[in-house]
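Okay, so here's the structure we're looking at.
The values are calculated or read from the model by the stated rules, or taken from the named source; none is laboratory data. On a predicted model such as this, the values are computed, not experimentally measured, just so you know. Please note: Cβ atoms are built from the backbone with ideal geometry, for glycine as well, and neighbour counts cover all protein chains shown.
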Amino acid sequence: MHTTRTSTVAIAIALAVTGGWFVSAAASAGETTRKQTAAAMQGDAQPDAAQIARGAKAWADTCGRCHNLRAPNEFSDKNWDIIVTHMRVIAPLPGRVADDIKAFLKSSN
């Protein structure tokens with residue numbers, strides 16, 4: 001029993017030590033993504049085609065479940081910011097999905 005507990009502790013420590021690098025790398029990648037998203041939302045960078053495609057799919061799949069979908073150019077970029085932020089709370093939409101939907105809707109204006 002003592003050997004099993006010791007082995008379990010050793011494995012946990014090894015995972016924590018090696019996992020720390022992965023967590024750090026993931027956090028760094030996540031920080032880069034957050035910075036890119038913030039820049040895109042401030043108009044400093046244009047969303048790429050993949051983000052717009054993800055947004056179009058998420059808009060149709062997610063928003064279309066409950067709403068008659070409006071034409072993306074029916075509202076201004078500012079209005080879409082407000083609408084998507086509101087629905088992010090109500091739906092609830094994950095941040096990345098909401099950002100993708102905003103990118104799609106804004107690209108249509």
For this session: Scan the helices (runs of 4 or more DSSP H) fully inside the range 1-93 and keep the ones with 1 or more residues being modelled with pLDDT of 90 or more.
Result: 49-62, 77-90
Exercise. Without any contact (Cβ under 8 Å) to a residue 24 or more places away in the chain and in contact with a Ser or Thr (Cβ under 8 Å, 6 or more places away or on another chain), is that true of ALA91?
Worked result: no
